[in-house]
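The next block holds one structure in the form of structure tokens; read it before the comments.
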Amino acid sequence: MIAPSILSADFARLGAEIEAVAGNDLDPRARADWVHVDVMDAHFVPNLTIGLPVVRSLLEVTDVPLDCHLMIEDPERWAPGYAEAGAYNVTVHAEAAKDPVRIAKDLHAAGARAGLSIKPGTPLDDVVDVLRHYDTLLVMSVEPGFGGQEFVPEALDKVRTARRLVDTGHLDVLVEIDGGINDETIERAAEAGVDCFVAGSAVYGADDPARAVAALRARAAR
Ligand code: DX5
Ligand code: ZN
């Protein structure tokens, strides 16, 4: 699965930017599976992006499943609102969550998939016990906060371990990767066992974002 991140899109024309990778007229190989929405609060990460009002507006203009990545403090308080609004997958950070099991239950009760993310410095061990409550594990392959950063190769070991854990434990959890994904790193991530690839600058920095999605998909399948 390919999930373009609108962090690298033109914020003045988000509806059109989503349409460019999710339009119904696109070849299915060029069409995004999810669109990734990076929510930052200038506290959990040193950057500020968009929040629930913008997500609500986006949900009105697109049918593509929105994958909301909440890089925010106090996810217990804020995450359920995104699910209630209609986001398809809502991911919170393990480093910010005080009660990750409750968050997953609240997200499910509101009708969304629940995702749990770990920063490059956070060991997988920190989330192993709660993973079965979640539907998505988002492994960060850059320090969260900004697009266009270089891929952290150590994330691949974490993906391999996560892949094994999910497969041997028969967990119904998608392994997603986010940060520095391009035509080259996506092959390594695919080989390590990633199911869903977030790509910001590699998609929206390209002349033709839909073609970039198709190219990434082809690379991941090699
Ligand atoms: C970073 C965000 C990513 C970002 C990825 O904090 O979570 O989703 O948009 O951008 P690229 O693909 O450019 O690294
Ligand atoms: Zn993200």
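What follows draws every value from the coordinates through simple rules; no lab data is involved. Please read these numbers as outputs of a predicted model, since none were measured by experiment.
If the viscosity is 0.890 mPa s and the temperature 25 °C, what Stokes-Einstein diffusion coefficient in µm²/s follows for the stretch 34-103 when Rh is the Kirkwood radius over Cα pairs? D, rounded to a whole number, is 203 µm²/s. Would the stretch 143-214 count as rounded, prolate or oblate if I go by the C-alpha gyration tensor, calling it rounded below 1.5 in a/c and otherwise prolate when a/b exceeds b/c, oblate otherwise? Prolate shape, in that a/c is at least 1.5 and a/b is the bigger ratio. Eigenvalues of the alpha-carbon gyration tensor of the chain, scaled by 5 and square-rooted, set the equivalent ellipsoid semi-axes at 24, 21, 16 angstrom, largest first.
From the Cα gyration tensor of the stretch 106-148, with a ≥ b ≥ c the square roots of its eigenvalues, which class applies: rounded if a/c is under 1.5, or else prolate if a/b is larger than b/c, or else oblate? Oblate, since a/c reaches 1.5 and b/c is not below a/b.
Taking each residue as 0.36 nm, the span from Val101 to Leu171 lengthens on full extension beyond its C-alpha to C-alpha distance by 23.6 nm. Of interest is the spacing of the C-alpha centroids, which for the stretch 143-164 and the stretch 62-131 amounts to 18 Å.
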